Amino acid sequence: MDRDVILTMRGIEIQFPGVKALDGVDFTLRRGEVHALLGENGAGKSTLIKCLTGVNKMDAGKIELEGKEIRPTDPKNAMDMGISTVFQEINLCDNLSVAENIFIGRQPMKRGQIDWKEINRRSNELLERFHVHIDVTRPLSQFSTAIQQMVSIARAVDVDAKVLILDEPTSSLDSDEVKKLFDVMRDLKAQGIGIIFITHFLDQVFEMSDRMTVLRNGKLVGIYNANEITKLELVSSMIGKDLDQIFDLKRAAQKEDAAMMLEANHIGVPGKVEDISFGQKKGELLGFAGLLGSGRTETAEMIFGVTKMANGDLKIAGIPVKIGEPMDAINHKIAFCPEDRKRDGIIGDLTIRENIALALQARRGMMKPMSRKEQDELADKYIKLLAIATPDAEKKIKELSGGNQQKVILARWMATDPDLLILDEPTRGIDVGAKAEIQRLMLQMCEEGMSIIFISSELDEIIRCSNRIIVMRDGKKAGELNGENCTQADIMRIIAGEKVGETA
């Protein structure tokens, strides 16, 4: 055996009802290596990790840690062996102190009592290793997501971790916070810890990874050295198609004589959005670009009634309307897919069928309940239309991949047959293939006459899909561009406060 190899997984097979989740998958991890585990949503990444951490039991295969065969029975058992995981959703206790979170379940004792002095001292020492200087006695809730992420990692490595699994650790971090996390990962590498890195950000994959393993449809596609493969080759490997095929999208044609769908006149909420005006035609895809906190989401929430407008007015199809709450918007055939699908979109313990039926049932009212037959027909229709990967509509939505959860939320609002669909970061945190499917669907809906407001931090997709682009800065409309003729540089100049060729 190669002495550098710390973890070996051979011929891993897992069968779920109606689907073979893993089909003879191999994976190896070396000491002091960052190894990216990649693939589309549903490719088998999470299933492989759950197998390694004892959540899923394998039907066939073998796992060896430092040359010895292991069979983890649950995450705690895996952690005791030296396999620690930091999940995308930070699973710590907000109400407990930082120190309590680090040592929960394994508190040092003194004379039969928890030794708080020792817990706080060791927590400070541990966080010093990660260049984090905070008061460890304060509640975790008082700190940023980035600090909470570092606390998760500190807890994970303090149990003599040999293998550290980082599942989408950068999804909620800004660029400076990502740099700090990467510095920590480099430190851990230098200490000989093997890191399994799961992310959808390909730039980060190439910046941090030594090797990459790609899965597709539960099978191993290939193992690559980071310095021997291009991004285009990697994406093609993940998707099984050439990149040009994936993003062969044509912007929806905008009819010159199309009627005005939405008119926002001087709308605003003090401290969030100041005096923004814009119009949108029927069948138009209107992109909103800008930095985080620029007012993009806040504008969408005003239109949908999540936040009540303090100033200005709205017209829909030329008729003045008052939208004070989301139900008003739904009754005016406006739909809204929120940015945080976990917090504001899905209801995890409900089935796909129940999640899809929610908005339509809300519009009908509780006095007109949908029959089970109607719900089944609705769910089956959108599962087929959106190619939602599931054996049936009765699977709980929390058991789906991120991309498929996003499709269910889209289905929920498409079922209401809206005239205006607001999509806030609909492709965030999902793989390239699912992203292309959602973009293609947006353009198809616009061709069929639906108006779409599309908010995204990814400038390339804003430009690729939008008929027009409104650029936001500091809660104000900073500029407006023709989507067909603008560049990323044009958008960045407006965000930076420079003037470029604005349309109106």
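The values are calculated or read from the model by the stated rules, or taken from the named source; none is laboratory data. For clarity, every value in this text was computed on a predicted model and none was experimentally measured. When we count neighbours, we look across all protein chains shown, and the Cβ atoms used for this are built from the backbone with ideal geometry, even at glycine. These area figures cover heavy atoms from the full protein model, side chains too; ligands, DNA and RNA do not enter into them. Shrake-Rupley method; radii C 1.70, N 1.55, O 1.52, S 1.80 Å.
Observations on the model:
- Where a residue in segment 258-275 is farther than 20 Å from T297 by Cβ and in contact (Cβ under 8 Å) with a residue 60 or more places away in the chain and its partner, wherever it lies, is of a type outside the set (D, E) and outside any strand (DSSP E or B), with Cβ under 7 Å and at least six apart: M261/K282; M261/A317
- Residue within segment 263-272 that is within 20 Å of I316 (Cβ to Cβ) and within 27 Å of the chain's Cα centre (by Cα) present: no
- Subset of segment 53-68 (residues that are of a type outside the set (A, V, I, L, M, F, W, C) and buried (at least 16 other Cβ atoms within 10 Å of the Cβ)): T53, G54, N56, G61, E64, E66
- Just one residue in the set G403, G475, G449 is under 14 Å from the mean Cα position of the chain (by Cα) and in contact (Cβ under 8 Å) with a residue 60 or more places away in the chain; that residue is G403.
- Taken together, the residues in segment 180-205 that are charged (D, E, K, R) and touching a Leu at 6+ places or on another chain (Cβ under 9 Å) amount to 1.
- Considered as a group, the residues in segment 315-327 that are touching a Leu at 6+ places or on another chain (Cβ under 9 Å) and under 24 Å from R364 (Cβ atoms) include one that is surrounded by the most Cβ atoms within 10 Å (Cβ to Cβ), and that residue is I323.
- Number of residues in segment 197-236 that are assigned to a helix (DSSP H, G or I) and either of a type in the set (D, E, K, R) or open to solvent by less than 40 Å² (accessible area, probe 1.4 Å) (or both) equals 13.
- Flag if R122 is assigned to a helix (DSSP H, G or I) and either surrounded by fewer than 19 Cβ atoms within 10 Å (Cβ to Cβ) or touching a Gly at 6+ places or on another chain (Cβ under 9 Å) (or both): yes
- Unmet requirement for L96, which otherwise passes all of (1) open to solvent by less than 70 Å² (accessible area, probe 1.4 Å); (2) in contact (Cβ under 8 Å) with a residue 40 or more places away in the chain; (3) under 30 Å from I6 (Cβ atoms); (4) not acidic (D, E): (3)
- Within segment 127-148, the set of residues being assigned to a helix (DSSP H, G or I) and either over 18 Å from L188 (Cβ atoms) or modelled with pLDDT of 80 or more (or both) comprises L127, E128, L140, S141, Q142, T145, I147, Q148.
- Counting the residues of segment 428-442 that are assigned to a helix (DSSP H, G or I) and either surrounded by fewer than 19 Cβ atoms within 10 Å (Cβ to Cβ) or without any contact (Cβ under 8 Å) to a residue 60 or more places away in the chain (or both) gives 5.
- Neighbours by Cβ (under 7 Å, 6+ apart or cross-chain): first from segment 178-196, closer than 16 Å to D158 by Cβ; second assigned to a helix (DSSP H, G or I) and β-branched (V, I, T): V184/I153; L188/V157; I193/V157
- For segment 242-251, the condition holds for no residue, the condition being that it is open to solvent by 70 Å² or more (accessible area, probe 1.4 Å), modelled with pLDDT of 80 or more, among the acidic types (D, E) and out of contact with any Ser or Thr (no Cβ under 6 Å at 6 or more places or on another chain).
- Segment 443-471, subset modelled with pLDDT under 85 and not acidic (D, E), residue least open to solvent (accessible area, probe 1.4 Å): L459
- In segment 373-389, the residues that are over 11 Å from I352 (Cβ atoms) and of a type in the set (S, T, Y) never reach a residue that is open to solvent by less than 30 Å² (accessible area, probe 1.4 Å) and in a helix (DSSP H, G or I) with C-beta atoms less than 7 angstrom apart, at least six apart or across chains.
- Residue within segment 328-335 that is assigned to a strand (DSSP E or B) and either open to solvent by less than 60 Å² (accessible area, probe 1.4 Å) or modelled with pLDDT of 90 or more (or both) present: yes
- Output for segment 476-496, where each listed residue is touching a helix residue (DSSP H, G or I) at 6+ places or on another chain (Cβ under 7 Å) and either assigned to a strand (DSSP E or B) or open to solvent by less than 30 Å² (accessible area, probe 1.4 Å) (or both): A478, G479, L481, G483, C486, I491
- Yes/no for I388 being buried (at least 20 other Cβ atoms within 10 Å of the Cβ) and either of a type outside the set (A, V, I, L, M, F, W, C) or not in a helix (DSSP H, G or I) (or both): yes
- All positions within segment 282-321 that are closer than 18 Å to I462 by Cβ and assigned to a strand (DSSP E or B): L285, L286, G287, F288, A289
- Taking the criterion of being open to solvent by less than 40 Å² (accessible area, probe 1.4 Å) and either among the acidic types (D, E) or over 28 Å from the mean Cα position of the chain (by Cα) (or both), the residues of segment 99-117 that qualify are A99, F103, P108, D115.
- Hits in segment 472-497 - residues which are farther than 21 Å from A253 by Cα, of a type in the set (A, V, I, L, M) and at pLDDT 80 or above: M472, A478, A489, I491, M492, I494, I495
- The residues of segment 149-169 that are assigned to a strand (DSSP E or B) and farther than 14 Å from R129 by Cβ, listed by number, are V163, I165, L166, D167.
- Against the criterion of being more than 24 Å from I438 (Cβ to Cβ) and either at pLDDT below 90 or surrounded by 13 or more Cβ atoms within 10 Å (Cβ to Cβ) (or both), G287 does not qualify.
- From the options T145, T137, residue that is touching a residue at least 24 places away in the same chain (Cβ under 8 Å), β-branched (V, I, T), more than 30 Å from S457 (Cα to Cα) and exposed (fewer than 15 other Cβ atoms within 10 Å of the Cβ): T137
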